[in-house]
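Rule-based calculations on the coordinates, nothing more; no lab input. All values derive from a computational prediction rather than experimental measurement. Neighbour counts run over all protein chains shown; Cβ positions are idealised from the backbone, glycine included.
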Amino acid sequence: MRRPVVLPVVASLALGIVAFSGSVETVAATIEAPGASAASDPIGPGCSSIPATGAGSFSSMATQPAATAAANIPDLSTMVSAIKKAGLMDKMNSAKDITIFAPTNAAFAKIPRAELDKIMANQKALSDIMSYHIVNQRMAPRARAASSSIKTMEGGMLRISGSGDSLKVNDASVVCGDIPTANATIYMIDSVLTPQR
């Protein structure tokens with residue numbers, strides 16, 4: 001049975017935020033060995049928007065910690081602002097071998113402006129939401145089960161499904177993923193995810 005779950009502060013965001021519902025299958029995600037992502041090619045239809053060289057390029061981000069690398073991607077500016085307001089910048093930069101599902105600016109734009117402002121002003125709710133987008137291990141998209149469930153830093157579960165350019169996280173689609181940074185792998189997604197238990 002599908003049952004949407006939302007945080008009290010974002011109860012009216014049902015249309016703006018993606019929510020995964022239902023029971024979670026006990027299928028473990030396949031995890032990369034540390035640093036394995038750096039040797040892989042990013043996947044997804046939006047990867048062509050990443051600069052070939054210089055700041056924000058794949059080669060540049062591979063040498064930078066996660067939050068610093070994300071800050072060099074213009075299409076992640078709203079997420080980076082949310083991470084700063086949530087007090088997670090240092091945690092993301094110092095964490096070892098994490099996966100970040102990073103909502104694009106267009107993903108945040110799906111949320112009504114008044115509701116987004118309310119979320120941004122509530123540090124606890126914002127921290128919960130952004131921590132739900134972080135997994136404490138690197139995820140390898142090519143070497144995992146067709147359907148995987150993984151636990152997030154927030155404590156809720158994410159469901160990974162599909163493959164290649166059709167990879168999904170809950171109901172969000174990966175725009176460009178398997179992007180290596182010095183301490184993380186980034187997957188840009190087209191919707192903001194709601195913490196699930």
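Let me know the shape class of the stretch 40-180, please: from the alpha-carbon gyration tensor, a ≥ b ≥ c as square roots of the eigenvalues, rounded when a/c is under 1.5, otherwise prolate if a/b is greater than b/c, or oblate.
The shape class here is rounded.
Quote to one decimal, in nm, the extra length available between ALA62 and SER163 on full extension: 0.36 nm per residue of separation minus the C-alpha distance between them.
Between ALA62 and SER163, full extension yields 34.1 nm more.
Would you mind calculating the gained length between ASN105 and ASN136 on full extension (0.36 nm times residue separation, minus the Cα-Cα distance), in nm to one decimal?
Using 0.36 nm per residue and subtracting the Cα-Cα distance, I get 8.8 nm.
What list of ³J(HN,Hα) couplings, whole Hz, do you get for the stretch 85-97 from phi and the Karplus terms 6.51, -1.76, 1.60, once you set θ to phi - 60° and write x for glycine and proline?
With coefficients 6.51, -1.76 and 1.60, one gets 5, 7, x, 10, 4, 5, 4, 5, 6, 9, 5, 10, 6 Hz.
By how many nm would the segment from MET120 to SER49 grow when fully extended, if each residue of separation counts as 0.36 nm and the alpha-carbon distance is taken off?
Here the segment from MET120 to SER49 would lengthen by 22.9 nm.
Holding the Cα-Cα limit at 18 Å, pick out from LYS124/LYS168; LYS84/LYS110; LYS85/LYS124; LYS84/LYS118; LYS91/LYS124; LYS96/LYS151 the pairs that are longer than that. If you can, show how the numbers build up before the last one.
Working: LYS124/LYS168 27 Å; LYS84/LYS110 20 Å; LYS85/LYS124 10 Å; LYS84/LYS118 16 Å; LYS91/LYS124 15 Å; LYS96/LYS151 16 Å.
Pairs exceeding 18 Å: LYS124/LYS168; LYS84/LYS110.
Quick one: net charge around GLY87, please, counting Lys, Arg +1 and Asp, Glu -1 for every other residue with C-beta under 13 Å from its C-beta. It would help to have the intermediate numbers written out before the result.
Working: positive: LYS84, LYS85, LYS91, LYS124; negative: ASP90, ASP128.
Taking every Cβ under 13 Å from that of GLY87, the sum is +2.
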